[in-house]
Amino acid sequence: MTNIIDKAAMALSGGLMLLGIVGLGIAEILAGAPYGAAPVTNEAGEIVATPMVDPTLRTGLVIAGLVVLGLYAAYRVATPADGTDVAKGHETMAD
């Protein structure tokens, strides 16, 4: 059974990671080339094209999602299991 904290952690972490990976990835594709994280330069060293979304922003969103999952895991380890969680793991007799 999931409670409000479980649902909030799943939604927040999933939303942050989806936004960072899929959402901003689609925005990069729609913006056109270049698709790389580094600016594109010509032979003279002048910057001729840069990515639409800063790669540190995308990385920060994904890391924030992972941090939320880590905090949620620490919360689940620190809280005691209630009766409904224990009842699911009952032993059965083997044949």
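May I ask you to list the residues in the stretch 29-86 that are small (Gly, Ala, Ser) and farther than 28 Å from residue 14 by Cβ? Give the steps one after another, and end with the answer.
The first filter runs over the stretch 29-86 and keeps only residues small (Gly, Ala, Ser), leaving 31-33, 36-38, 44-45, 49, 60, 64-65, 70, 73-74, 78, 81, 83.
If the condition is that a residue be small (Gly, Ala, Ser) and farther than 28 Å from residue 14 by Cβ, then 32, 33, 38, 44, 45, 49, 83 are the ones that fit.
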Practice item. Output the residue which, of all residues in the stretch 54-80 that are more than 18 Å from residue 7 (Cβ to Cβ) and assigned to a loop (DSSP other than H, G, I, E, B), is modelled with the highest pLDDT. Key: 54
Practice item. Starting from the stretch 43-72, take each residue that is closer than 18 Å to residue 30 by Cα and free of Cβ contacts under 8 Å to residues at least 12 places away in the same chain and list its partners that are in a helix (DSSP H, G or I) and of a type in the set (Ser, Thr, Tyr), counting only C-beta distances under 7 angstrom and pairs at least six apart or across chains. Key: none
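Scan the stretch 1-53 for residues that are part of a helix (DSSP H, G or I) and either surrounded by 12 or more Cβ atoms within 10 Å (Cβ to Cβ) or β-branched (Val, Ile, Thr) (or both) and report the count.
Residues that pass the stated criteria total 25.
The values are calculated or read from the model by the stated rules, or taken from the named source; none is laboratory data. None of the values given here were measured: they were computed from a predicted structure. Heads up, the Cβs are rebuilt from the backbone with ideal geometry, glycines too, and the neighbour counts pull from every protein chain shown.
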